[in-house]
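Written below as structure tokens is the structure these notes are about.
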Amino acid sequence: MSTERRYGWMWLRALELADEAERLHRRFLEYIGPGTDAVRWEPPVDIHETEDGLVLLFALPGVSPEDIEIRLDRTALTVSALRRLKLADGTAVIRRLEIPHGRFVREIALSGPALRLADSHYLNGCLEVRLARARGTE
């Protein structure tokens, strides 16, 4: 393969990866219209299945525990909260904001046996939610 063709292929692959990153970014941060909650973001989540149910770990940097809401119904687990914008002080000028702030919502579709909220705790910027299979549904 010629050098030109090899680098051409690498360039096309790099563009594909950049496009995929842009699609993921658009999914992560969404403008939903004017108002206080105009931007909504989706935090990343890790999901592990155990013998007892599911363990979900949501990355929520800078979110206060009192601003987190967890809602479980038969078909979905919804975690929502507000990450407030914190300035260094009243005279600070924002030069760059890369960590999302504002309202976030993440809905995880559920199927299979009914689940119940067994436990949740927030530590080091991560929310861990444990869902256990409801008794009598196995």
Checklist entry - Taking segment 47-89, which residues are within 13 Å of the chain's Cα centre (by Cα), closer than 14 Å to Arg133 by Cα and of a type in the set (S, T, N, Q)? => result none
Next on the checklist: Would you confirm, using the coordinates I've provided, whether Ile70 is β-branched (Val, Ile, Thr), closer than 16 Å to His48 by Cα and in contact with a strand residue (DSSP E or B) (Cβ under 8 Å, 6 or more places away or on another chain)?
Outcome noted: no
Checklist entry - What are the residues in segment 61-100 that are at negative phi, loosely packed, with under 15 Cβ neighbours inside 10 Å and touching a residue at least 60 places away in the same chain (Cβ under 8 Å), if any? => result Pro61
Item to check | Filter result (outside any strand (DSSP E or B) and free of Cβ contacts under 8 Å to residues at least 40 places away in the same chain) within segment 111-130 | outcome: Ser111, Gly112, Pro113, Asn124
Item to check | Every residue from segment 83-107 that is within 13 Å of Pro61 (Cβ to Cβ), at pLDDT 85 or above and touching a Lys or Arg at 6+ places or on another chain (Cβ under 9 Å) | outcome: Arg83, Phe104
Checklist entry - Looking at segment 45-60, which of the residues that are acidic (Asp, Glu) and surrounded by 11 or more Cβ atoms within 10 Å (Cβ to Cβ) is modelled with the highest pLDDT? => result Asp46
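The values are calculated or read from the model by the stated rules, or taken from the named source; none is laboratory data. The shown structure was predicted, so the numbers you read here are calculated from the model rather than taken from an experiment. Cβ atoms come from the backbone with ideal geometry, glycine included; neighbour counts cover every protein chain shown.
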